[in-house]
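Read the figures in this text as sums done on the coordinates, not as results from a lab. Note that this is a predicted model, so its numbers are computed, not measured. Backbone-built Cβ (ideal geometry, glycine too); neighbour counts: all protein chains shown.
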Amino acid sequence: VAIADGLTMGTNEVIRLGSNNVTGDLQIYHNGVDTGYLMNQTGNLDIRTASGFDIRSSTTPATYYMRGQQSGDIKIYHPATNSYKFQTTTSGIKVIGNVEADGLIMGDGESVRLGTDTDLTIQHSGTNGIIENNTGTLYIQSNTITLRSDQGTPEPFITAVVDGGVTLYYNNGVA
């Protein structure tokens, strides 16, 4: 089949490609309201490009949703600001903005590093929990601070209360 000047089809008419004569292995169609469809009926949908890709709106100026470069990164955009918020890098990912999560799970020996020069590091070595502050003073701020054991029924070691006192404990009793 050769088409020289384009292919025009009506609303809800379907281009069917592949060996399935009834539904087509790949379908391309438009429902006439607001949606265009590319439906793959068999296997994976493989999209290939020589240099990169853009998924964007048809408005002017375009609103980007996702952009990818062949030998670079992939960026995911927030359409309200048309600015990328998530980017893949050669070493992992980069997030621009705040991260909201239900939790953070990291393996032994991995660390959370804060500050320009990793000024504060929190990690678990597999045996010990470590908080390392490499600059200034490490402050722990609260109206009440209690350090206690993590065995069975926790036993306090020390309690400090603002405008109150500091209590030291020994064998679960005041020292």
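First check a/c for segment 110-175, with a ≥ b ≥ c the square roots of the eigenvalues of its C-alpha gyration tensor; if it is under 1.5, answer rounded, and if not, answer prolate when a/b is larger than b/c or oblate otherwise. Oblate shape, in that a/c is at least 1.5 and b/c is the bigger or equal ratio.
Taking Cβ atoms as reference points and 9 Å as the exclusive limit, the residues near Leu120 contribute a net charge of -1, counting Lys and Arg as +1 and Asp and Glu as -1.
With semi-axes √(5λ) of the Cα gyration tensor in Å in mind, check [x] 27, 18, 15; [y] 60, 20, 17; [z] 56, 14, 11 and report the label derived from this structure. Here semi-axes √(5λ) of the Cα gyration tensor in Å agrees with entry [y]. Other residues whose C-beta falls under 15 angstrom from the C-beta of Gly97 contribute a net charge of +2, scoring Lys and Arg +1 and Asp and Glu -1. Counting Lys and Arg as +1 and Asp and Glu as -1 over every other residue whose Cβ lies under 15 Å from the Cβ of Glu132, the net charge comes to -2.
If you filter segment 118-175 for chymotrypsin sites (Phe, Trp or Tyr not before Pro), then keep DSSP loop positions with at most 13 other Cβ within 10 Å, what is left?
On the way: sites: Tyr139, Phe157, Tyr169, Tyr170; in loops: Tyr139.
Within segment 118-175, the qualifying chymotrypsin sites (Phe, Trp or Tyr not before Pro) (loop, at most 13 other Cβ atoms within 10 Å) are Tyr139.
Under 5 Å between amide hydrogens, built in the peptide plane, is the criterion, and for Asn20 it picks out Asp25 among residues at least 5 positions away or on other chains.
For segment 82-175, which GluC sites (Glu not before Pro) pass both filters: DSSP loop (anything but H, G, I, E, B) and at most 12 other C-beta atoms within 10 Å? Here the sparse-neighbourhood loop sites are Glu100, Glu110.
Of Val161, Val112, Val99, which is the most mobile in a GNM of the chain whose springs link Cα atoms less than 10 angstrom apart? Checking each option, the largest mean-square fluctuation is seen for Val161. Between Met106, Met66, Met39, the GNM of the chain built on Cα springs shorter than 10 angstrom shows Met39 fluctuating the most.
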